[in-house]
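Asker: To start, I am sharing the structure in question, which I have written as structure tokens.
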There are 2 protein chains.
Amino acid sequence: MAKEITSRAENYSEWYNDLVLKGGLADYSAVRGCMVIKPYGYALWENMRDILDKMFKETGHVNAYFPLFVPKSLFEAEEKNAEGFAKECAVVTHYRLKTDPDNKGKLIVDPEAKLEEELVVRPTSEAIIWNTYKKWIQSYRDLPLLINQWANVVRWEMRTRLFLRTAEFLWQEGHTAHATRQEAMEETIRMINLYADFVENYMALPVIKGVKSESERFAGAEDTYTIEAMMQDGKALQSGTSHFLGQNFAKAFDVKFVNKENTEEFVWATSWGVSTRLIGALIMAHSDDDGLVMPPKLAPHQVVIIPFLSKNLEETEVMIDKANDLKKELAKMGIRALVDSDETKRPGFKFAEYELKGIPLRVVIGPRDLANGVVEIARRDTKEKAFFPTDNLPGTIQGLLEDIQQNMFNRAKSFRDSNITKVDDFEVFQKLLDEKPGFILAHWDGTAETEDKIKELTKATIRCIPLDNPQEDGKCILTGKSSKQRVLFARAY
Amino acid sequence: MAKEITSRAENYSEWYNDLVLKGGLADYSAVRGCMVIKPYGYALWENMRDILDKMFKETGHVNAYFPLFVPKSLFEAEEKNAEGFAKECAVVTHYRLKTDPDNKGKLIVDPEAKLEEELVVRPTSEAIIWNTYKKWIQSYRDLPLLINQWANVVRWEMRTRLFLRTAEFLWQEGHTAHATRQEAMEETIRMINLYADFVENYMALPVIKGVKSESERFAGAEDTYTIEAMMQDGKALQSGTSHFLGQNFAKAFDVKFVNKENTEEFVWATSWGVSTRLIGALIMAHSDDDGLVMPPKLAPHQVVIIPFLSKNLEETEVMIDKANDLKKELAKMGIRALVDSDETKRPGFKFAEYELKGIPLRVVIGPRDLANGVVEIARRDTKEKAFFPTDNLPGTIQGLLEDIQQNMFNRAKSFRDSNITKVDDFEVFQKLLDEKPGFILAHWDGTAETEDKIKELTKATIRCIPLDNPQEDGKCILTGKSSKQRVLFARAY
């Protein structure tokens, strides 16, 4: 029968792993901390990538590709960035293997093929890109440069989780160069808004936009903007970041331009990225104990059509034809449908399998229903089943998909909103995190020291200082010192 | 004025580099042998990738993603493959850098962060993929597996050329698993045909399909199918390969399946790939001394529209509006147009720039022409300029683009065909290669020894034994031993 899924109540983290592995999204690999993204998971990523790519291009960005490797001397040029990533990077030191003289058929690193300068496998590409921009930027006429890259990056994480934290992951990284601080800041905000738009309107996941505290900032940035989403266990997941880099990288790589007034200035920069981590967010925000729940706009298959198969071969053939006809009609409307006419599997097995895979709608085509002018349609999000007239079925399906998309967002939003609490007492703060995890809005005295102490005591971090945050007088939840606004605390992935 | 391009006659290889660099396709990077693919080059690659991806999906393939790194023990499992790539691979030996105690602000490899097992940066992914397939394949029901991956790979080449041979390059690699030899062989052929279709019908470049001699075969394959194209200097460029791997990788990684008769067998395999090298082929096959010539089906911009700008601002505005209107109309037909209304550059400068970039059609919108009901259109391929009526301009443009695509193919084919020579005498063979390079059809005795000797003496290699090769009795061009067919010789990139 169907694959068994650990329930959320039983073990949330095993539930997550079960969904990823048994839902066919990814698999472990022979390389420590690296995963294989399986076809179903990759199809989901392709949908996300294509939509984001279109959004980037519509906002004037172009794609390019920069080397995988960063020479150590470039890597260390921007000090904070280097410091931030040095502890977790893969280092290429040799360029050849040779036959092991002591062990036939085995290979060893050839000591004579040692690189003069080690190469770091990119954990992020600011260094290699800004070193290149130096060549490309001379005058204000060369600005802005609005470049994005789709790439793999490597961060040698010690504790990894499928999609959420892997040594290698896929992402996009935008790297823009501007003539003024204001333009770069506008770009930073534009991109965090674009990410929020994508996560809310395609992933059906509400986010809180905000700015990071100094301790949580990207290494090398002057400001990091973030979108934070709530998972079903109340923990936060940082879903995208957009960094205002000031002139830090321009100074580290000596990238200057001649402005309209004919004087030389350092270039202003931003960088921004989202990764395959978003797939982890999507899974944890929407799925249930029966499996994945895919938001229709991103689902690899939006509809599965299951024709009723019987010993009456003639009738069966008619059902399969009807199923394929429906698929074709849906394709014309841009709806991705799958027909399952595999006679070796029973309907119950198929139902469970597609529930596990999270396909938004299941349509069963049966002879008796058809004679009554109806088909049975089941929604994955609510598990509701109902009969719908065969007249204008594609229109009905389209309407249902839109409804599911909206319902998933509403459900996630009402869950999120009911799990944000204003807290003014540190004991309550601690207790709440253990007993009813969620987001906490609390006053903070603004120091890194207090932030660290709170993290140490509660494992909660400041996720962000929300944008358009209401200003109110209060006292820091830990130190009692005066504060002008609440910030968002949570335990996080 | 316009950027200067070395002429082909003067220095073919500098001409090529000029086109790549000054045409804005790619740039050198700070990493030895690695290049930066610039936005214009990447847009070209995106077009190629999207078309190929569609063709793969239409033939039943799905995409997935496997790790960048291959543990050494997996890398060495298939002996011939390991031997073939060991000499040119990047090896990760450490996972951390640390601050240099003797040199503030500098980083050194942390000797305590040495990996227990070295990781090879994938030069190709057979090893990591077949190690994964072992988990995924148990029964004939799991077959065929038809998986493709779009990825970066690294081969530590000593002599690199932009696009043609770089340490890191982008490619796709298909890896399929089958229940029978015949099915795997059919897949091998299907994919070489698919590549030929793509290169001929999209890149406008005729190819010769064939099978490689043993010496030129992919390391680990039983047979390698290839498509070979001729560049303007008469040299061959291998443009795509499809490998029948037999059961070599299944045996190396112990991948067996239970067949319908309930007995265990090793799985049959293929792999196939094309890379950013194709961009090199496209440049060298079609371009001229004024710059790139892009085939319309792949050109990032198919049409550039240049409105005539004058001191009459009202008139200028009308011209710009007309240009933008035409762009919109073309977009509706799926034609990618660019409007250049930059007033800081003179028309002559623009014309040279877009010639350099190889945009297939240039449309000039001027007030006097418009009053006469015409616009001037220049073709990049033939340099012809002519006036066309403004009535049904989009239709005219579409027709011209189709004509250019066909003309580019015909021109490349007639050049290719006129440079294939049957030769029966070794002195003529040598002389021809030096004086009028091209492809040579000659008899060969079938031994690797003779092939090596010919290569040593002439730098020419056997590019392939063409498919459907006419059988005829003859004598080996070098040894005079008897031979049943001619094979295709050339110097190659």
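Asker: Report the residue count in the range A:438-468 for those that are of a type in the set (S, T, N, Q) and out of contact with any strand residue (DSSP E or B) (no Cβ under 9 Å at 6 or more places or on another chain).
Answerer: Taking the range A:438-468 first, the residues of a type in the set (S, T, N, Q) are A:447, A:450, A:458, A:461.
Retained after the next criterion (residues that are out of contact with any strand residue (DSSP E or B) (no Cβ under 9 Å at 6 or more places or on another chain)): A:447, A:450.
The number of residues fulfilling the criteria is 2.
Asker: Scanning the range B:338-357 for residues that are basic (K, R) and not in a loop (DSSP other than H, G, I, E, B), which turns out surrounded by the most Cβ atoms within 10 Å (Cβ to Cβ)?
Answerer: B:K357
Asker: Restricting the search to the range B:88-142, which residues are surrounded by 14 or more Cβ atoms within 10 Å (Cβ to Cβ), in a strand (DSSP E or B) and of a type in the set (D, E)?
Answerer: B:E118
Asker: Next up: Run down B:T241, B:T176 and say which single residue is under 30 Å from A:F169 (Cβ atoms), modelled with pLDDT of 95 or more and away from every other protein chain (no Cβ under 14 Å). Write out each step before concluding.
Answerer: Details: B:T176 fails: away from every other protein chain (no Cβ under 14 Å).
That would be B:T241, the only listed residue that is under 30 Å from A:F169 (Cβ atoms), modelled with pLDDT of 95 or more and away from every other protein chain (no Cβ under 14 Å).
Asker: Moving to a separate point now. Quick one: which residue in A:Q232, A:Q247 is surrounded by fewer than 23 Cβ atoms within 10 Å (Cβ to Cβ) and in contact (Cβ under 8 Å) with a residue 40 or more places away in the chain?
Answerer: A:Q232
Asker: Between A:G33, A:G41, which is in contact with a strand residue (DSSP E or B) (Cβ under 9 Å, 6 or more places away or on another chain) and modelled with pLDDT under 95? Before you say what the answer is, go through the steps one by one.
Answerer: Numbers: A:G41 fails: modelled with pLDDT under 95.
Just a single option satisfies the conditions, and that option is A:G33.
Asker: Then there is this: So, restricting to helices (runs of 4 or more DSSP H) that lie completely within the range A:376-483, which ones have at least 3 residues that are surrounded by 12 or more Cβ atoms within 10 Å (Cβ to Cβ) and among the basic types (K, R)?
Answerer: A:393-417
Asker: Just for the range B:323-337: of the residues that are part of a helix (DSSP H, G or I) and among the small types (G, A, S), which one is farthest from the chain's Cα centre (by Cα)? Give the steps one after another, and end with the answer.
Answerer: Start the filter on the range B:323-337 by keeping residues that are part of a helix (DSSP H, G or I), which leaves B:323-332.
Next, from what is left, pick out any that are among the small types (G, A, S): B:323, B:331.
Values: B:A323: 34, B:A331: 27 Å.
Within the range B:323-337, the match that is farthest from the chain's Cα centre (by Cα) is B:A323.
Asker: Something else now. Checking the conditions here, which among B:V70, B:V31, B:V62 is crowded, with 21+ Cβ neighbours inside 10 Å, out of contact with any Phe, Trp or Tyr (no Cβ under 6 Å at 6 or more places or on another chain), closer than 23 Å to B:S275 by Cα and among the aliphatic types (A, V, I, L, M)?
Answerer: On the way: B:V31 fails: out of contact with any Phe, Trp or Tyr (no Cβ under 6 Å at 6 or more places or on another chain); B:V62 fails: crowded, with 21+ Cβ neighbours inside 10 Å.
B:V70 is the lone residue from the list that is crowded, with 21+ Cβ neighbours inside 10 Å, out of contact with any Phe, Trp or Tyr (no Cβ under 6 Å at 6 or more places or on another chain), closer than 23 Å to B:S275 by Cα and among the aliphatic types (A, V, I, L, M).
Asker: So for the range B:160-179 (the condition being over 23 Å from A:Y28 (Cβ atoms) and without any contact (Cβ under 8 Å) to a residue 60 or more places away in the chain), does at least one residue qualify?
Answerer: No; the residues of the range B:160-179 include none that is over 23 Å from A:Y28 (Cβ atoms) and without any contact (Cβ under 8 Å) to a residue 60 or more places away in the chain.
Asker: Of all residues in the range B:282-305, which are touching a Ser or Thr at 6+ places or on another chain (Cβ under 8 Å) and crowded, with 20+ Cβ neighbours inside 10 Å? Walk me through it before giving the result.
Answerer: Taking the range B:282-305 as the starting set, the residues that turn out to be touching a Ser or Thr at 6+ places or on another chain (Cβ under 8 Å) are B:289, B:293.
The answer is B:V293, and nothing else.
Asker: B:F163 versus (1) among the hydrophobic types (A, V, I, L, M, F, W, C); (2) in a strand (DSSP E or B); (3) under 19 Å from the mean Cα position of the chain (by Cα); (4) more than 9 Å from chain A (Cβ to nearest Cβ): which is the lone unmet condition?
Answerer: Exception for B:F163: condition (2).
Asker: Moving to a separate point now. Out of the range B:39-87, which residues are outside any helix (DSSP H, G or I) and either at the interface with another protein chain (Cβ under 7 Å from one of its Cβ atoms) or aromatic (F, W, Y) (or both)?
Answerer: Filtering the range B:39-87 for residues outside any helix (DSSP H, G or I) gives B:59-71, B:76-78, B:87.
Across the range B:39-87, the qualifying residues are B:V62, B:N63, B:A64, B:Y65, B:F66, B:P67, B:L68, B:F69, B:P71, B:E76, B:K87.
Asker: Please count how many residues of the range B:129-140 are within 9 Å of chain A (Cβ to nearest Cβ) and β-branched (V, I, T). Before you say what the answer is, go through the steps one by one.
Answerer: In the first step, residues of the range B:129-140 are kept if they are within 9 Å of chain A (Cβ to nearest Cβ); the result is B:129, B:131-132, B:135-136.
Subsequent filtering for residues that are β-branched (V, I, T) retains B:129, B:132.
Here the count works out to 2.
Asker: Pull out all pairs, ordered by first then second residue, where Cβ-Cβ is under 8 Å, the residues are six or more apart or on different chains, the first lies in the range B:103-128 and is closer than 25 Å to A:E79 by Cα and more than 8 Å from every other protein chain (Cβ to nearest Cβ), and the second is of a type in the set (D, E) and surrounded by fewer than 24 Cβ atoms within 10 Å (Cβ to Cβ).
Answerer: Cβ pairs passing all conditions: B:I108/B:D100.
Asker: The conditions are (1) under 28 Å from B:D342 (Cα atoms); (2) touching a His at 6+ places or on another chain (Cβ under 8 Å); (3) within 12 Å of another protein chain (Cβ to nearest Cβ), and A:L143 fails exactly one of them. Which is it?
Answerer: Exception for A:L143: condition (3).
Asker: Still on this model: How about the range A:175-260: which strands (runs of 3 or more DSSP E) wholly inside it have at least 3 residues that are within 14 Å of the chain's Cα centre (by Cα) and small (G, A, S)? Give the steps one after another, and end with the answer.
Answerer: Values: elements: A:208-211, A:223-230, A:236-246, A:256-258.
Answer list for the range A:175-260: A:236-246.
Asker: Kindly evaluate B:E187 against the criterion of being modelled with pLDDT of 95 or more, closer than 21 Å to B:L467 by Cα and surrounded by fewer than 19 Cβ atoms within 10 Å (Cβ to Cβ).
Answerer: Values: modelled with pLDDT of 95 or more: yes; closer than 21 Å to B:L467 by Cα: yes; surrounded by fewer than 19 Cβ atoms within 10 Å (Cβ to Cβ): no.
In short, no.
Asker: Provide a single number: the residues in the range B:6-38 that are more than 20 Å from B:A299 (Cα to Cα), outside any helix (DSSP H, G or I) and either more than 9 Å from every other protein chain (Cβ to nearest Cβ) or touching a residue at least 12 places away in the same chain (Cβ under 8 Å) (or both).
Answerer: Count: 12.
Asker: For the structure I just gave you, tell me whether A:R96 is basic (K, R), in contact with a Lys or Arg (Cβ under 8 Å, 6 or more places away or on another chain) and more than 22 Å from A:S275 (Cβ to Cβ). Reasoning before the result, please.
Answerer: Numbers: basic (K, R): yes; in contact with a Lys or Arg (Cβ under 8 Å, 6 or more places away or on another chain): yes; more than 22 Å from A:S275 (Cβ to Cβ): yes.
Against the criterion (basic (K, R), in contact with a Lys or Arg (Cβ under 8 Å, 6 or more places away or on another chain) and more than 22 Å from A:S275 (Cβ to Cβ)), A:R96 qualifies.
Asker: Name every residue in the range B:123-155 that is of a type in the set (K, R) and either closer than 27 Å to A:T344 by Cβ or outside the structural domain of B:F66 (by TED's automatic domain parsing) (or both), in order of residue number. Talk me through it step by step, then tell me what you get.
Answerer: First, the residues of the range B:123-155 that are of a type in the set (K, R): B:134-135, B:141, B:155.
Across the range B:123-155, the qualifying residues are B:K134, B:K135, B:R141.
Asker: Taking the range B:295-326 only, how many residues are more than 23 Å from B:I51 (Cα to Cα) and not β-branched (V, I, T)?
Answerer: Looking only at the range B:295-326, we keep the residues that are more than 23 Å from B:I51 (Cα to Cα), and these are B:305-326.
The next check asks that each one be not β-branched (V, I, T); those that pass are B:307-315, B:317, B:319, B:321-326.
Count: 17.
Asker: Could you check, for the range A:151-159, whether at least one of its residues is over 23 Å from B:L119 (Cα atoms), of a type outside the set (S, T, N, Q), touching a strand residue (DSSP E or B) at 6+ places or on another chain (Cβ under 8 Å) and facing chain B (nearest Cβ under 10 Å)? It would help to see each step written out before you state the result.
Answerer: Here is the first cut: in the range A:151-159, the residues over 23 Å from B:L119 (Cα atoms) are none.
No; the residues of the range A:151-159 include none that is over 23 Å from B:L119 (Cα atoms), of a type outside the set (S, T, N, Q), touching a strand residue (DSSP E or B) at 6+ places or on another chain (Cβ under 8 Å) and facing chain B (nearest Cβ under 10 Å).
The values are calculated or read from the model by the stated rules, or taken from the named source; none is laboratory data. For clarity, every value in this text was computed on a predicted model and none was experimentally measured. Positions of Cβ are generated from backbone atoms using ideal geometry, with glycine treated the same way; all protein chains shown enter the neighbour counts.
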